[in-house]
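Have a look at the structure below, then the notes.
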Amino acid sequence: LSSNLMNEIRRAAGARRTDFLELGAELTVPTVSRAEKVRVLGTRAETSFIIENLLGNSLAAVERSDEKHVEVTIEQDDGEAVMVVSDTGTGIPPDMHERIFDDGVTGTHGGSGHGLAESRRILAKRGGSISVVKSRPGQGTTFEVRFQIVDGGIS
């Protein structure tokens with residue numbers, strides 16, 4: 001029950017490439033990473049779902065912004081792979097930072113309100129977490145996702 005985190009990030013970014021191009025948005029993902037061979041706890045489908053959901057949410061958030069940029073970074077922190085997804089989108093009001101993880105609550109136009117809730121459930125089941133680390137209306141949002149590393153960490 002593990003997946004290669006960098007492979008899943010690249011696959012999800014590739015799947016969304018056309019959407020970003022059509023919107024005139026820039027997506028930055030690591031091209032070379034110390035996390036290249038990192039395997040995280042969770043199936044490929046679970047890891048992919050989490051990444052795709054965050055990229056989709058970020059794309060929707062930057063749609064109405066003048067500056068359209070989404071950046072994904074990866075680091076290692078004490079047995080965890082930490083993926084940070086930052087966008088220059090519409091932002092999330094402080095009173096919604098926890099509520100967006102509730103089923104049926106959405107902060108994006110046309111969103112179902114289930115993606116972040118499901119991402120949090122998947123991560124909790126696999127010993128990880130997801131949180132809003134920074135967001136203000138009109139100034140973008142930064143999410144932090146912590147995955148448990150398996151198979152020895154980052155080489």
Percent of accessible area on region 2-155 owned by carbon and sulfur, 1.4 Å probe? 47 percent
List the residues whose amide H sits under 5 Å from the amide H of Gly89, counting only those 5 or more places along or on another chain, with H placed 1.01 Å from N in the peptide plane. Gly140, Thr141
With springs only between Cα atoms under 10 Å, which of Leu123, Leu41, Leu23 fluctuates most in a Gaussian network model of the chain? Leu23
Tell me which trypsin sites (Lys or Arg not before Pro) from region 1-71 have a DSSP coil assignment and no more than 12 other beta carbons within 10 Å of their own. Arg64
Restrict the search to region 65-94; then list the GluC sites (Glu not before Pro) that DSSP places in a loop and that have at most 14 other Cβ atoms within 10 Å of their Cβ. Glu67
0 to 90° range, to nearest 10: angle between helix 5-23 axis and the chain longest Cα axis: 20 degrees
Long-range amide H contacts for His114: which residues qualify at under 5 Å (H placed 1.01 Å from N, peptide plane, sequence gap of 5 or more or a different chain)? Gly104
At 222 nm, what helix-only mean residue ellipticity would the chain give, in deg cm²/dmol to the nearest 500, using -39500 (n - 2.57) for each DSSP H run of four or more? -10500 deg cm²/dmol
Could you list the square roots of 5 times each eigenvalue of the Cα gyration tensor of region 19-153, that is, the equivalent ellipsoid semi-axes, sorted largest first and rounded to whole Å? 24, 18, 13
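The values are calculated or read from the model by the stated rules, or taken from the named source; none is laboratory data. Here the structure is a predicted model, which means the values were calculated and not measured. Positions of Cβ are backbone-derived with ideal geometry, glycine not excepted, and every protein chain shown enters the neighbour counts. The accessibility values were calculated without ligands, DNA or RNA, using every heavy atom of the protein model including side chains. Shrake-Rupley method; radii C 1.70, N 1.55, O 1.52, S 1.80 Å.
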